[in-house]
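The values are calculated or read from the model by the stated rules, or taken from the named source; none is laboratory data. Remember, it's a predicted structure, so these values are computed and weren't measured experimentally. Cβ: placed from backbone, ideal geometry, glycine included. Neighbour counts: every protein chain shown.
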Amino acid sequence: SNASDALDKVYLESLKAGDGSVVRSELYINVSCDKDARTITISDNGIGMDEEALEANLGTIAHSGSLEFKEGEDAKESDEIDIIGQFGVGFYSAFMVADHVKVVTKPYGSDTAFTWESEGLEGYSIGQGEREGRGTTITLTLREDSDEFNYSQFLNTYALQDLVKRYSDYVRYPIMMKFTTSVPVERPEDAPEDWKQEYREEDEVRTVNSMVPIWTKKKADVSDEEYNEFYKATFHDDTDPAAVISIHAEGTISYDALLFIPAVAPREMLSRSFKKGLTLYSSNVMIMDKCEELLPDYFGFVRGIVDSPDLSLNISREMLQQSKELSTIQRRIEKKIKAELARMLGDDREKYEEIYKYYGPNFKFSIYSTYGGTSSILSDLLMFPSAMEGKMVTLGEYCAAAQEEQDKIYFATGDTVERLNSTPTVKGVVDKGFDVLLCTHDVDEFCLMSMGVFDGKQLVNVGTAELDLETEEEKAAHEKVSEENAELFADMAASLGDKVTKVVASTMPMDSASCITAGGMVSLAMEKYFKSLPQHDDEVPSAEHVLELNMGHPVIKALQKAYEDGDTDTVAAYTLILHDQALMAEGFQIEDLEAFNEAVYKLMV
C-alpha cells in the first residue's frame, strides 16, 4: 500500500508541474525474493523520499505521510488519486519477519538518492545512496527459521504471489513479479534416435494482481455471469448466489460494498468454528479477512466485501479499531440486506422460500435471544406453514386474511406439519374458522413467545388450556356440562395423580375422545424440547397437563355410564387410556406401558 501511495503522489505532482514526465501506464510495483540472500525486495517508481521525508516518515512510528498528503488541498481537488493513507508507519511491522531493513529512495525531480537502514530497536541510519531512477526500493532480510516460525516460506515466488493476491489484488497499479519456468528445447534436426527432451530455464515477468475491483463498478456495468463467477471464485461456492447487493456510498463516509446472499447455506455455518464477517478493504488493500462488526448475527450468512478509504486502522493493519465510521457502515449494510430480503419475499417468493429454509432459523433465534429485541427488524421476514392455506405465509399475510374482529394469531408446535394438522387442538381451531401457524422447529415457539404481539394481535399457542373461542351460548352450555360432571372430573384427576392438574370438558370440536393441553407458561412442545436435551435432569420445566374430554364422544358416554353405575375399575381403565392415548397423540411416551395394556384388556372383555 505504501508503494501504491507513492505512485499516486508522483502522478499528482506531475500533473501539477505539467511536465508530462510521468505516464500513468508506466507506473508499477515490483516484488522479488532471493533465497540465497534471504531477502524480499519491493520496488516502485513512485515519488520517492528525500532525507527529510525519510526522517519524518520512517523515523516516527505514529507518523503517516500518506495521511498528510491525502488531506492536502491538491489531493482533495483531484479525483484521479486514491491515497490509502491512515496506516501510520505500519512499515515497522516488517521487523516481525525481518531482522534488517534497507530502504533506497530517490525523490521525484532530484538527482540524489538516500538510504535508510535499521535492525529494529537499535535505531536507524540515514545517508546518501545510489538509485538509477526515481522511486523507492525496500529490502527485507528475513530472520533465521526457528521452532516457532518458518520464515523461509516467504522466500518462494509462488508463496509471495499468493500473499500479493490475498492482500493487494485490487491495488490499481500493476504488481510485477519474475517467474522462472522450464521451457522445452526444440528437437535438433540431427538429433540421435535416443535423444531425450531437454529443457531450459526462462524468466517471465507477470502482472500478478487484478487491479480493477468488481465492487467499485456500478451494477448496471457488471453482468450476472461476472458476479456469479466472482462470487464462486472468491468464496469457494459451487452455486450461484441467490442475490447480489451492490452499494456505492459517498459523503461523510464513502465506501463500496458488494454483498452476496448464498443460495445454499455455507457449509461452515453448521460448524462451531464458523465466523461471520465481511472482507474489509481500504482503498483496494485488504486489511481484514472477516470483519465481524460489519454484520449482525442474524445476517451472518451474508458474504461480501466492503472497501472504504475512511476507516481508522491500527499499526498492524489487521485489527480494526472501534469507530463511528464502521458502525455507520454496519447500519447501512444491515438496512440494505433487509431491503433485499424483503424485495425477494415480495417479488421472487419461490427463491425466498428456498433460502428461508436455511436462514429462517437465524431470524427466529435472534428474536428469541434478544427477548424480542430484534423483532421490529426481522418479524416481517418470518414465515410459517398455514393450516388453512396449506402453504407458507408471513405474519402479515396471516393478519390480512384473519377475521375482522380477530385479535389473536394462533400457532401450534409439534414435530411435523402432518402431525400438527391431525391434532384435535389444531382441527378444533380451524373448524372455528381461525387459521393456525404450524411451527415445527424447536426455536419457533421461543421466538413467537418472545415477540408476544405482532401488528396489535397477541400470539397464542393453541395447545394452551383456555383459548376462549366459544360463543355466549356455547359458554353457557359448557358451564352446564362442567357442573354436571364436576365429581367425575375430580375423581379422574385424583386417579391420574400428578400426571394432570385437572380434567375438564373440552370447548373445542374434535373427533377424538380426549386431548392434552397445557396450562401455565410452559407448553407441551417446550416440555418435549427440554426433555430431549442430552443432559437434562428431573428438574426440567414441565407443562401443566390438562386432560380435555370430548363430551359428545361415545367413549365418554360409556365412561359416564360406568361412573353412574359405580364401576370404579372400569372408570379407572377409561381414565388411564384416555390420558395415555391423548399423550401419545402429542408425541409423548407413556410412563407405564404395562398398566396401559392392562386397562385396554379390561375394556376388551
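Observations
- Answer residue from segment 218-232, given it is in a helix (DSSP H, G or I) and not acidic (Asp, Glu) and is surrounded by the most Cβ atoms within 10 Å (Cβ to Cβ) among those: TYR231
- Verdict on ALA265 being assigned by TED's automatic domain parsing to the domain that holds ASP297 and of a type outside the set (S, T, N, Q): yes
- Reported count of residues in segment 385-420, each being surrounded by 12 or more Cβ atoms within 10 Å (Cβ to Cβ) and of a type in the set (Lys, Arg), is 2.
- Candidates ASP431, ASP442 - the one that is under 36 Å from the mean Cα position of the chain (by Cα) and among the acidic types (Asp, Glu): ASP442
- Breaking point among (1) in contact with a strand residue (DSSP E or B) (Cβ under 7 Å, 6 or more places away or on another chain); (2) more than 30 Å from ALA342 (Cα to Cα); (3) at pLDDT 95 or above, for ASP491: (1)
- Among the criteria (1) in a helix (DSSP H, G or I); (2) exposed (fewer than 13 other Cβ atoms within 10 Å of the Cβ), the one GLN581 does not fulfil is (2).
- Residues in segment 271-311 that are hydrophobic (A, V, I, L, M, F, W, C), outside any strand (DSSP E or B) and closer than 27 Å to THR370 by Cβ: PHE274, LEU294, LEU295, PHE299, PHE301, VAL302.
- Qualifying residue in segment 571-586 (condition: more than 39 Å from the chain's Cα centre (by Cα) and among the acidic types (Asp, Glu)): yes
- Selection of segment 385-424 for residues being closer than 18 Å to LYS364 by Cβ and hydroxyl-bearing (Ser, Thr, Tyr) yields SER386, THR394, TYR398, TYR410, THR413, THR416.
- Any hit, segment 294-303, residues being at pLDDT below 95 and among the β-branched types (Val, Ile, Thr): no
- Selection over segment 443-486 of residues that are in contact with a helix residue (DSSP H, G or I) (Cβ under 8 Å, 6 or more places away or on another chain) and of a type in the set (Asp, Glu) gives a count of 4.
- For segment 584-605, filtered to residues that are surrounded by 14 or more Cβ atoms within 10 Å (Cβ to Cβ) and of a type in the set (D, E, K, R), the residue that is modelled with the lowest pLDDT is GLU586.
- Test for ASP435: is it surrounded by 16 or more Cβ atoms within 10 Å (Cβ to Cβ), of a type in the set (D, E, K, R) and outside the structural domain of ALA595 (by TED's automatic domain parsing): yes
- Residue, nearest to ALA242 (Cα to Cα), within segment 337-374, restricted to residues that are aromatic (Phe, Trp, Tyr) and either at pLDDT 95 or above or surrounded by 15 or more Cβ atoms within 10 Å (Cβ to Cβ) (or both): TYR352
- Which numbered condition SER323 fails, given (1) more than 30 Å from SER282 (Cα to Cα); (2) surrounded by fewer than 17 Cβ atoms within 10 Å (Cβ to Cβ): (1)
- Of the helices (runs of 4 or more DSSP H) lying entirely inside segment 462-550, those containing at least 2 residues that are closer than 27 Å to VAL443 by Cα, in contact (Cβ under 8 Å) with a residue 40 or more places away in the chain and not assigned by TED's automatic domain parsing to the domain that holds ASP431 are 524-532.
- Scope segment 422-450; condition in contact with a strand residue (DSSP E or B) (Cβ under 7 Å, 6 or more places away or on another chain) and closer than 19 Å to ALA401 by Cβ; matching residues: VAL426, VAL429, VAL430, PHE434, ASP435, VAL436, LEU437, LEU438, CYS439, LEU448
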